[in-house]
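Below is one structure, written out as structure tokens; comments come after it.
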Amino acid sequence: MSTPVQTQQHGLTEHSHGGWGKAPVQTRSERFASTSHDAFPEVTGLEAEWKLSPVERVRALIDGELDGAPYAILYPESAGTTVEWIDRTSELIGTAGTPEERAAANAWSSFEKALHIHLDGDAETLTLTRTGLGDAPRAAHTVITAATGATGLVVLDNRGPAQLSENLEIVLDDDAHITVVSVQQWDDPALHLASQFARVGRGATLKHIVVSLGGSVVRVNPSAHLAGEGAEAELLGVYFADAGQHLEQRVYVHHEAPHTRSRVTYKGALNGDGARTVWVGDVLIGPGATGTDTYEQNRNLVLSDGTRADSIPNLEIETGDIEGAGHASATGRFDDEQLFYLQARGISEDEARRLVVLGFLSEIVQKIGEPVLEARLLAALEAELVASR
């Protein structure tokens, strides 16, 4: 099957093998991007975007053949939303972003049809569930579009077995205000690599929430491009890694237009030997993004020995005329004062630990805005805590 290829060349030189070698990248926006898998060099695990990832565990998704056929989905009829499969040649494909690494390009090259979710007017909540992806390596592509002035909540609920590499595009027209929630509650052996691109128009607001609980390796890379004046993005995430589990998030916010605002908050907990989390947060304030207001933070709670949390915030500013910019990162154990306070009031140590952890993580869950899903996720977090005792 022939596939259209889009390539961005930022200070690149072509090698004889047909790929591209980078000149030193001076800013986050200059990363090489292409929809062609072979345009990227082979992943060795030494690259900046891969050196914290368990590359060999997901090698089949990076370089293997992927089944790109449409798959079974479950969703209720919801007013103001339409769900349909569209051809890969549709003009909607590629409007939000382009892959910046080999696995995402492999998925892009492999999918046959994309799932298109469209919101118009005051749309009802749409929960789309995927539970039957199976154990074979698979590719997927999803496009979410919000018409001018549209409002709504879209939940992508992932459960069951999976070996999945996928791209998600989110496009907000002017003055749209939507929330997109990506829930990774896969079976324990599942592998999932996802690049999620958002383009936010003038006066539009995107709330984007990533919840990663299940799976062996789950790597979700959200990016938000604030392309229209007054655009806003709130990128939130919550995760709980247990023994042997690798959960990774690489977040990128690009302030392109003037008077844009972003807030990034990711929180996670780790428990058990070999539990590993990675969070990398990149914020770029471009030369035209005067009046920008941005802040990003990542906080991790370590519950046992044998865990590792990597947390790397990065901030680039290319204009001196901004409202404010900052970042923070913290990884640590329980606050002994909090535990002492609760135990002094007759609460057992186990119950005090449960309350502290749930209080720490529930801040993100409670921002979803869908009570049934919030209750389910809080119960799942509580089950993780019970299993960790």
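The values are calculated or read from the model by the stated rules, or taken from the named source; none is laboratory data. The structure displayed is predicted, hence computed values, not measured ones. Neighbour counts are summed over all protein chains in view; Cβ atoms, including those assigned to glycine, are modelled from backbone coordinates with ideal geometry. The area values use the complete protein model at the heavy-atom level, side chains included, leaving out ligands, DNA and RNA. Shrake-Rupley method; radii C 1.70, N 1.55, O 1.52, S 1.80 Å.
Below, the figures for the structure above:
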| quantity | calculated |
| --- | --- |
| Of all residues in segment 28-48 being at pLDDT below 95 and within 19 Å of the chain's Cα centre (by Cα), the one that is least open to solvent (accessible area, probe 1.4 Å) | Arg28 |
| Residue identified as under 13 Å from Leu235 (Cβ atoms) and either open to solvent by 40 Å² or more (accessible area, probe 1.4 Å) or of a type in the set (D, E, K, R) (or both) among Glu256, Glu296 | Glu296 |
| Residue that is surrounded by the fewest Cβ atoms within 10 Å (Cβ to Cβ), among those in segment 144-161 that are assigned to a loop (DSSP other than H, G, I, E, B) and on the phi < 0 side of the Ramachandran plot | Thr148 |
| Flag for Glu234 being in a strand (DSSP E or B), of a type in the set (D, E, K, R), touching a residue at least 12 places away in the same chain (Cβ under 8 Å) and open to solvent by less than 10 Å² (accessible area, probe 1.4 Å) | no |
| Number of the condition not met by Ala309 [criteria: (1) buried (at least 19 other Cβ atoms within 10 Å of the Cβ); (2) more than 19 Å from the chain's Cα centre (by Cα)] | (2) |
| Members of segment 269-293 that are outside any loop (DSSP other than H, G, I, E, B) and within 18 Å of Leu206 (Cα to Cα) | Gly281, Asp282, Val283, Leu284, Ile285, Asp293 |
| Some residue of segment 330-337 being at pLDDT 95 or above, touching a Ser or Thr at 6+ places or on another chain (Cβ under 9 Å), open to solvent by 40 Å² or more (accessible area, probe 1.4 Å) and not in a loop (DSSP other than H, G, I, E, B) | no |
| Residue selected from segment 177-203 under the condition more than 17 Å from Val217 (Cβ to Cβ) and of a type in the set (D, E, K, R), by the criterion surrounded by the most Cβ atoms within 10 Å (Cβ to Cβ) | Arg199 |
| Flag for Ser216 being open to solvent by less than 20 Å² (accessible area, probe 1.4 Å) and of a type in the set (Gly, Ala, Ser) | no |
| Test result for Ala387, modelled with pLDDT under 80 and not basic (Lys, Arg) | yes |
| Candidates Val154, Val183, filtered to the one that is closer than 17 Å to Leu373 by Cβ, touching a residue at least 24 places away in the same chain (Cβ under 8 Å) and under 14 Å from the mean Cα position of the chain (by Cα) | Val183 |
| Count of segment 93-123 residues which are in a loop (DSSP other than H, G, I, E, B) and surrounded by fewer than 17 Cβ atoms within 10 Å (Cβ to Cβ) | 3 |
| Hey, Asp174 assigned to a strand (DSSP E or B) and either modelled with pLDDT of 95 or more or surrounded by fewer than 24 Cβ atoms within 10 Å (Cβ to Cβ) (or both) or not | no |
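Every residue, every condition in (1) of a type in the set (Phe, Trp, Tyr); (2) assigned to a strand (DSSP E or B); (3) closer than 20 Å to Arg57 by Cα, yes or no:
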| site | (1), (2), (3) |
| --- | --- |
| Val210 | no, yes, no |
| Pro222 | no, yes, no |
| Val251 | no, yes, no |
| Pro258 | no, no, no |
| Lys267 | no, yes, no |
| Tyr295 | yes, yes, no |
| Arg299 | no, yes, no |
| Glu316 | no, yes, no |
